[in-house]
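The values are calculated or read from the model by the stated rules, or taken from the named source; none is laboratory data. Fair warning: this is a prediction, and the values are worked out from it, not measured in the lab. Glycine gets a Cβ as well: all are built from the backbone with ideal geometry, and neighbour counts include every protein chain shown.
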Amino acid sequence: MERQIIYLDNNATTAVAPEVFAAMQPYFCERYGNPSSIHRFGGSIAADIETARCQVAGLLGAKFRDKEGCATEIIFTSCGTESDNAAINAALNAVPERKKVVTTAVEHPAVLHYCEELSRKGFTIELIGVDRRGQLDMAALKNAVDENTAIVSAMWGNNETGIIFPVAEIAAIAHSKGAYFHTDAVQAAGKVKIDVEAAGIDFLSVSGHKLHAPKGIGALYVRRGIIFTPLICGGHQERNRRGGTENTASIIGLGKACEMAAANLDEEYRVLKNMRDGFEAKLLASIPRIEINGLGEDRLPGTSSVSFESIEGESILMLLDVLGICASSGSACTTGSLEPSHVLRAMGVPYSSAHGTVRFSLSRYNTPEELDFVAEKLPPIIARLREISPYWEEHRNEKQF
Ligand code: PLP
């Protein structure tokens, strides 16, 4: 029998919603035709894809429809990573005389590693830092953006801490120098209200598996009028902007997931935030020397990044795993040594705390009872690990953080 789990790792990936799964099912064994076909069996599926495109556009506030009623500002991709890469690639091709990308030190590797690659090809990459609260250094951003900047890329909500950036303000700074603005909204889409038009967004990335659609499907919003050079060249799919036969079932699933998220956005935000805030209050009251990263800042409602001083996040995760509790750590295992995450380092979280960071991320399928259970189990786990931590023994009487 499968073990019962408490899944608090929804920023890593989410369960496909049963309604989404049901909407996708006909497209495997019954409606499997190629949407580009002349015959009606395949060709009729193109209309279903257009419905999904409108559902994605609806979640993002992208109101433009062409003469046929299609939300042509949405391009389906294979994932959030592809959307991020494609946006930056398109901007650099749209204004080839500009050779600079401005982004932030806390972006996902989907942006950061692509920028590293661009830097090897001769582009200038400028990374803007954040302060101890995780907020972007807006003065440094203003200084960095200039007439050589093709695009500014800044995420909507951070995947590790949930901290939300002032994207409309950042977009205005980019536009003041004629640069494009891209936001990675992979974690934000479906969790907070997005209005691409009000926020002045040129490009916005979405990933299906973060909002209860399947893995392997994403979307990129591209404001109408932008000349878009595709990253994946091939057939005429996606109006010549993304080659490759459409992943029909997953596109339908993403559309359905976006429709569901849009219909329940405010209520889901409230429920997740209440659960998260209650959980954090319990931890703060019962465990000494912990820090909630970004506490008091505008954050994604279901994300909680907790630093437990003087212990390893991985040890906490292992003991939680024994109880069937799934969360993730703030460390990335690089070159065999456990380095604290680049996000926490950029925020200036001390090493002794950054190493002991655990991310709990919630979804609509979590319950307050589950969070109560985790909040009850954590204090003895932390006490036990600190008992065997030489670092804790040495530093426990020093000033906190
Ligand atoms: N951007 C952010 C902020 C993410 O959290 C992730 C995934 O964790 C990605 C991009 C990459 O998305 P995908 O897994 O769909 O490629």
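Observations, loosely collected:
- Inter-residue pairs, beta-carbon under 6 Å, first closer than 17 Å to I201 by Cβ and touching a residue at least 12 places away in the same chain (Cβ under 8 Å) and in the range 70-95, second among the charged types (D, E, K, R) and within 13 Å of the ligand (Cβ to nearest atom), 6+ apart: D84/D184
- Close pairs from the range 129-156: first more than 16 Å from G294 (Cβ to Cβ), partner of a type in the set (S, T, N, Q) and surrounded by fewer than 23 Cβ atoms within 10 Å (Cβ to Cβ), Cβ under 8 Å, at least 6 apart: V145/S176; N148/T124
- Tally of residues being in contact with a helix residue (DSSP H, G or I) (Cβ under 9 Å, 6 or more places away or on another chain) and either acidic (D, E) or within 16 Å of the ligand (Cβ to nearest atom) (or both) across the range 43-58: 2
- Between L272, L300, L254, L317, the distinction of being surrounded by 15 or more Cβ atoms within 10 Å (Cβ to Cβ), farther than 26 Å from L60 by Cα and within 22 Å of the chain's Cα centre (by Cα) belongs to L317 only.
- When residues of the range 184-214 are limited to those that are more than 10 Å from the ligand (Cβ to nearest atom), closer than 25 Å to F360 by Cβ and among the β-branched types (V, I, T), the one surrounded by the most Cβ atoms within 10 Å (Cβ to Cβ): I194
- Yes/no for I88 being out of contact with any Lys or Arg (no Cβ under 7 Å at 6 or more places or on another chain), within 16 Å of the ligand (Cβ to nearest atom), within 21 Å of L220 (Cβ to Cβ) and outside any loop (DSSP other than H, G, I, E, B): yes
- Filtering the range 352-397 to residues that are farther than 13 Å from G313 by Cβ, of a type in the set (S, T, Y) and not in a helix (DSSP H, G or I) leaves S361, S363, Y365, T367.
- Number of the exception - A150 against (1) closer than 25 Å to S83 by Cβ; (2) away from the ligand (no atom under 16 Å from the Cβ); (3) not in a strand (DSSP E or B): (3)
- Subset of the range 317-338 that is under 25 Å from G157 (Cα atoms) and aliphatic (A, V, I, L, M) - its residue that is modelled with the lowest pLDDT: A332
- All positions within the range 215-228 that are crowded, with 23+ Cβ neighbours inside 10 Å and aliphatic (A, V, I, L, M): I217, A219, L220, V222
- Checking G80, G122, G61, G69 one by one, the residue that is crowded, with 16+ Cβ neighbours inside 10 Å, more than 16 Å from the ligand (Cβ to nearest atom) and modelled with pLDDT of 95 or more is G61 and no other.
- Matching option when the condition is of a type in the set (G, A, S), within 23 Å of I164 (Cβ to Cβ) and assigned to a loop (DSSP other than H, G, I, E, B), among G296, G235, G278, G244: G296
One line per residue, one yes/no per condition, for (1) more than 16 Å from the ligand (Cβ to nearest atom); (2) buried (at least 19 other Cβ atoms within 10 Å of the Cβ); (3) assigned to a helix (DSSP H, G or I):
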residue: V20; (1), (2), (3): no, yes, yes
residue: A23; (1), (2), (3): yes, yes, yes
residue: R31; (1), (2), (3): yes, no, no
residue: P96; (1), (2), (3): yes, no, no
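- Filtered residues of the range 155-168 (kept if in contact with a Leu (Cβ under 9 Å, 6 or more places away or on another chain) and more than 16 Å from the ligand (Cβ to nearest atom)): P166
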